[in-house]
1. Can you find, among Q151, Q180, V103, the residue farthest towards the positive end of the dipole of region 75-183? Put +1 on the C-beta of Lys and Arg, -1 on that of Asp and Glu.
2. Between N113 and S78, what is 0.36 nm times their sequence separation minus the Cα-Cα distance? Round to one decimal in nm.
3. Give the long-range amide H neighbours of S162: residues separated by 5 or more places, or on another chain, with amide H under 5 Å away, using H modelled in the peptide plane at 1.01 Å from N.
Amino acid sequence: MQIKSMVRLFAVAFSISIIAGCSSTGGTQGSDVSGSQQGSGSDSGSSASGASTSGVSGTGQYGSTSGSGSSAGQQADSRIPSARTIYFDFDRDRIKSEFESVVMAHARYLRSNPSAQVTLHGHTDERGTREYNLALGERRANAVQRFLNIQGVSNSQMSVVSYGEERPAARGSDESAYSQNRRVVFDY
């Protein structure tokens with residue numbers, strides 16, 4: 001338990017130093033890293049499905065640096081990471097700790113390939129109004145963009161699109177389908 005606390009502290013300090021370095025060279029500006037939580041509207045359920053998460057683990061909100069310096073289960077920085085979808089909890093735009101390593105892999109790739117461009121597609125399930133779901137999908141994609149930005153990815157490499165409920169990954173009106181539709185997709 002003590003080691004996890006030290007790793008988190010190191011990860012936060014490292015992220016802050018990267019942000020400070022970027023801002024002093026005219027790079028990206030820091031932003032609030034806490035995901036907002038809305039109390040009404042769409043999306044429902046408990047945890048999202050584990051699709052595309054093999055080998056994924058994290059230690060907390062924006063704090064995981066596991067795998068840096070280690071090649072076990074990690075993509076080479078010159079290749080686009082194979083996991084391109086992360087999933088969200090009910091009515092939330094906070095990146096779940098189990099998907100932080102996926103986003104970190106994309107951050108490493110984008111930092112290593114400054115000419116690469118990614119569009120972050122935000123999605124929701126079918127519940128809630130169309131307008132609310134479009135806003136929630138955008139908040140989810142923006143949360144991923146903030147995370148990538150904090151990890152040193154240039155804003156010029158990223159764009160955000162929200163599809164709300166319009167492009168479901170799974171059809172159906174049960175939690176299994178809903179959990180697959182609450183997602184952000186990395187589109188290179």
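Quick note: the coordinates plus some simple rules give every number you see, no bench work behind them. Computed from a predicted structure; not experimentally measured. Note: ideal-geometry Cβ built from the backbone for every residue, glycine included; neighbour counts use all protein chains shown.
1. The residue sitting farthest along the positive end of the dipole is Q151.
2. Values: separation 35, 0.36 × 35 = 12.60 nm, distance 0.71 nm.
Here the segment from N113 to S78 would lengthen by 11.9 nm.
3. G122
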